[in-house]
Amino acid sequence: MYQLESRMNWRRVKMETIVQVFDPFQKYDVNENIASTVEIPARGYKQVIHWKDGEALVVETLSMKGDLLHFYYEFKERFLSVSVNDNRTFESEDVMPIHLRFRSRFDETRSKALKEVGIVNKEIAYHLGKDNHVFLRVGNLESGHYALLNPKTYDLLSINNRIWNSDGRWIDLKIIFKSYETYRWQTYPKVTEYFLDEQLFKRVTVSSVQTISRLPIKRLKELAKELNQKQIATLKYDYAL
């Protein structure tokens, strides 16, 4: 845990991403031998992420034309997660920048990030991969909910999870973090890919990243209040801002 804390050099950051969406159940043949998942360009979107370690996380999810689709607002004890467009619905899990929260300097934030992807048991052990590479594993292997880390750099390499399907079987969900780059002494994955039963269904590519002196929290808070007034209170979330 000390190694994770000491390797987080960012305090405040603004990150922008481009998200490609694929149909994991529809394939086409290339050269009659290779099957690839089909991209759905109309379902793609962009994100603007504002993050202050241990205090604030705001994610603006936008259409490729720049229209707001979803707004995620987490500032101290205040919380809001709302889809704005009736034709596009997002859950908090869909928009979450997992790697940012996992690399937090604060154990509470890291634990929350793990819990959100189903990793409740935080036991740490060495993990031998199929290619005989050695990883650090956080979580229980038998449960199917665990994360693998680079044992030298402590970079997050993958998160393994399971989803119960309505047909009575488990579907494996795997998130792979790759193409690591360094900005301001901090490593981050340029590309994050999501797989259902080994079929790609989402790819997130970081298009820009910059550390900032302060978050535009006033604008974001005003937007959160405006959107909050349009929502009906539910038992799932506390929208009190």
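The values are calculated or read from the model by the stated rules, or taken from the named source; none is laboratory data. Quick caveat: nothing in here was measured; it's all calculated off a predicted structure. Every residue, glycine as well, gets a Cβ built from its backbone with ideal geometry; the counts of neighbours run over all protein chains shown.
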Close pairs from the stretch 70-86: first of a type in the set (S, T, N, Q), partner surrounded by fewer than 18 Cβ atoms within 10 Å (Cβ to Cβ), Cβ under 8 Å, at least 6 apart: SER81/GLU91; SER81/SER92; SER81/TYR237; SER83/THR89; ASN85/SER63; ASN85/ASP67; ASN85/LEU68
SER81 being within 26 Å of PRO41 (Cβ to Cβ) and small (Gly, Ala, Ser): yes
Residue count, the stretch 35-50 (criterion: touching an Asp or Glu at 6+ places or on another chain (Cβ under 9 Å), at pLDDT 95 or above and not polar (S, T, N, Q)): 4
Matching entry among VAL120, VAL134 (being modelled with pLDDT of 90 or more, over 14 Å from the mean Cα position of the chain (by Cα) and exposed (fewer than 14 other Cβ atoms within 10 Å of the Cβ)): VAL134
Any hit, the stretch 163-180, residues being at pLDDT 90 or above and among the polar types (S, T, N, Q): yes
Restricting the stretch 56-86 to residues that are in contact with a helix residue (DSSP H, G or I) (Cβ under 8 Å, 6 or more places away or on another chain) and aromatic (Phe, Trp, Tyr), the residue that is surrounded by the fewest Cβ atoms within 10 Å (Cβ to Cβ): PHE75
Residue, surrounded by the most Cβ atoms within 10 Å (Cβ to Cβ), within the stretch 176-203, restricted to residues that are among the hydroxyl-bearing types (Ser, Thr, Tyr) and under 18 Å from ARG43 (Cα atoms): THR192
Flag for ASP53 being modelled with pLDDT under 85, over 21 Å from GLN199 (Cβ atoms) and more than 15 Å from the chain's Cα centre (by Cα): no
For THR187: the one exception among (1) out of contact with any strand residue (DSSP E or B) (no Cβ under 8 Å at 6 or more places or on another chain); (2) in a strand (DSSP E or B): (1)
